[in-house]
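Asks: Okay, handing you the structure first.
The values are calculated or read from the model by the stated rules, or taken from the named source; none is laboratory data. Since the model is a prediction, treat every value here as computed from it, not as a measurement. When we count neighbours, we look across all protein chains shown, and the Cβ atoms used for this are built from the backbone with ideal geometry, even at glycine.
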């Protein structure tokens, strides 16, 4: 064999070896079912962030992962962020959903199972007088975030058996683009504990205010 042919054969062998090494070192796309996702909570209150973590099995560092989100009452997913895996294939996102949402992540052509996170409205409750006289009318008022103008909230009283009973309802009115407000005067004849509730609906879970105790003097 001539020197030229020997040199050409050597160059070809080196090129093939380098190609094989490069291919073996490349990151293989994850297989279906190899990507996991979990949420830090199944339900959060409006404006509260949720942590979304997972793993791409077999992934090396810096594989791109895309977080996708859709409203619970919708069908189309939209991108909600991207990140990369660490050396163990782990990744993490933080999101602040404004309504009940369903999440998934994609890595290459693989998608994780879907994870649902319910969002409850943030309901506030204030009373005009926590120590009213017997028979006095007390104003109950508060706000609901996000905005739900036109929806009715229930002002409830805790019975002796622990069951909450609705004593009045109030319509939510416009209070700007961020929230709605309500106000209702209720005659108080005996001491009791009260709360305000907005029922669950298509894009939000049930929202409940903190409790307020009125002591009749």
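A quick yes/no check of all residues on (1) more than 28 Å from residue 68 (Cα to Cα); (2) in contact with a strand residue (DSSP E or B) (Cβ under 7 Å, 6 or more places away or on another chain); (3) surrounded by 14 or more Cβ atoms within 10 Å (Cβ to Cβ):
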position	(1), (2), (3)
88	no, no, no
104	no, yes, yes
111	no, yes, yes
124	yes, yes, yes
138	yes, yes, yes
145	no, yes, yes
149	yes, yes, no
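Asks: Kindly indicate the residue of the stretch 59-76 that is crowded, with 19+ Cβ neighbours inside 10 Å and in a loop (DSSP other than H, G, I, E, B) and also modelled with the highest pLDDT among those meeting that condition.
Replies: If we filter the stretch 59-76 for residues that are crowded, with 19+ Cβ neighbours inside 10 Å, which is where we start, we get 59, 63, 65, 67, 69.
Among the residues that remain, those that are also in a loop (DSSP other than H, G, I, E, B) are: 59, 63.
Values: 59: 82, 63: 91.
Residue satisfying both the conditions and the ranking: 63.
Asks: Would you be able to tell me the number of residues in the stretch 116-148 that are within 30 Å of residue 75 (Cα to Cα) and touching a residue at least 40 places away in the same chain (Cβ under 8 Å)?
Replies: Looking only at that region, the number is 12.
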